[in-house]
Amino acid sequence: MGSDVKYIELSKLLSVPARNGLYKGKEFQGSGHRWIKMSEVFGYSFFEDQTTEMLDVTESEINRFSCLPGDLLFGRTSLILEGVGDCLLVENVKDLPIFESNLFRLRFDHTKACPRFYFYYFQSRLGKQLIQKIAKQTAATSITASDLIEQPVPYFDINVAKRISDLTFKFDQKIQLNRQTNQTLEQMAQALFKSWFVDFDPVIDNALAAGNPIPPELEQKAAQRAQVRAAAKVSQAKPDAHPHHHASELPQHLRELFPSEFEHTEALGWVPKGWEAGTVGNCFDVTMGQSPPGSTYNENGEGLPFFQGKTDYGFRFPTNRIYCTEPKRVANKSDTLISVRAPVGDVNMALDKCILGRGVAAARHKSGSISYTYYSMKQLEGHFKVFESEGTVFGSINQKDFKALAVIKPCEEVTDIFERLAKSFDEKIEAGTYSINELTKLRDTLLPKLISGELRLPEAETDAPSLTDEASV
């Protein structure tokens, strides 16, 4: 592949004319064919077997508005310039999903073009620049299929295009594997937190073993716990069984850290005896955000990362997009970040020291326990949502109400044990996140260089790191 890249009008690569999607009223919604909407474009890169809303359509509409493997769907409008032209590649669908009127479809001639290559092109910096060039900005930013297909796009021999897309797809597979591993690890830690500090499973186990009474409000939970323990014992008798701390009985030395009785509190109802009902304010150090002057913001990496709200939140850590040179309120690395303005209660963790705008608060348990803080705030998400609908049109929670939220105060030994267990999960999640970020950066650097001809394909294939190593939980 040389440095001279050919360009061809996009329309010359299509097998049929571009088409806008189908609009039908609510009376047709609820059954029939899968219906691909903007939410799928924003939620996925590839569309295959996802569950969607359903739409009742005629045979004629199926012929005109269905999707086949290799079709590329584009969003026609967006409230933000960066969002217009987001696209979705239809993969090996076994049915004929319909696409909605807010989208348009490009169907490539597979003898001339590799659809996945053009999907990656439009995901790249170069493709997004092309989209923004033709975008019309009115009340909402929009593009049209007719404008897009008139544009020149890079063109390679189909075998070269497939090699480029295959290399990029390997990056995506590794990134997705890391994401799935991170999600599994977080689910395991959350299940452990819920078992110990919400359902009080070890305390119920101890109470049943000691013959102590179970409060009436917890009797159903105790019965469910007995069933879970019985099933866990059967499962763990198998040779390939894996232990699950929240399902099985804890080792003796851990079980002895938990009480065997309950006592009643006004704020939280029945809690383990010796534990207390506390508040966010007396259990955690809380920093409420305060926005610096807008003139101190930049996207050049000057100063510290700045978060005004949850806009840049990710699965666990926010993305550094805006920076600020004059901090008012700061969170330290690994502090838990809580959205305190609409939407209220979304939770992330600071990957680095960062600046807090007025829509974000930071918290850390007074013991310094990082993981315990994070999962405590995650458990409070339902309580935060109460403030979403109160007061003004935009929900918010102020410092007084935030600090007054009731939380459990376990004994210090149990908190410390949980911290050690959860930390092992969370360190893997952080390492996985760094890997995702590095792979994403490398993918997004290589692709434009390959498309522009700045980098030769054999060099990229040689220089790319091993992408076949599987992550493990």
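The values are calculated or read from the model by the stated rules, or taken from the named source; none is laboratory data. Nothing here was measured: the structure is a model prediction, and the numbers come from that model. Neighbour counts are summed over all protein chains in view; Cβ atoms, including those assigned to glycine, are modelled from backbone coordinates with ideal geometry. For accessibility, only protein heavy atoms count, side chains too; no ligands or nucleic acids. Shrake-Rupley method; radii C 1.70, N 1.55, O 1.52, S 1.80 Å.
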Find, to one decimal place in angstroms, the Kirkwood hydrodynamic radius of segment 26-151, where the mean of 1/r is taken over every pair of different Cα atoms and then inverted. 15.0 Å
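Need one number: convex hull volume per residue for segment 369-464, Cα atoms only, in Å³.
Enclosed volume per residue, from the Cα hull, is 164 Å³.
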Tilt, helix 412-452 to longest principal axis of the chain (alpha-carbon atoms), in degrees rounded to tens, equals 10 degrees
Which value results when the Cα radius of gyration for segment 203-354 is divided by 2.2 N^0.38 Å? 1.53
Log entry: pair-distance distribution for the chain, C-alpha pairs binned every 10 Å from zero, whole % per bin is 4, 16, 22, 23, 19, 12, 4, 1, 0
Radius of gyration and maximum dimension Dmax of segment 1-74, Cα, Å: 16.0, 55
Probe 1.4 Å - accessible area at LYS6, Å² to nearest ten: 140 Å²
Exactly which trypsin sites (Lys or Arg not before Pro) in segment 48-107 are in a DSSP loop and have at most 12 other Cβ atoms within 10 Å? LYS94
Calculate the dipole size of the chain relative to its Cα centre from +1 charges on Lys and Arg beta carbons and -1 charges on Asp and Glu beta carbons; express the result in debye to the nearest 20. 840 debye
Between helix 219-236 and the chain: long-axis angle, C-alpha atoms, 0 to 90°, nearest 10: 70 degrees
Among residues other than SER142 whose Cβ falls under 9 Å from its Cβ, what is the net charge (Lys/Arg +1, Asp/Glu -1)? +2
In degrees, nearest 10, the alpha-carbon axis of helix 158-197 is tilted away from the dominant principal axis of the alpha carbons of the chain by 10 degrees
One-quarter of the Cα convex hull surface for segment 313-393, in nm²? 5.9 nm²
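Using a 10 Å cut-off on Cβ atoms, rank the peptides 440-452, 189-201 from the highest mean neighbour count down.
Put in order of decreasing packing, that is 189-201, 440-452.
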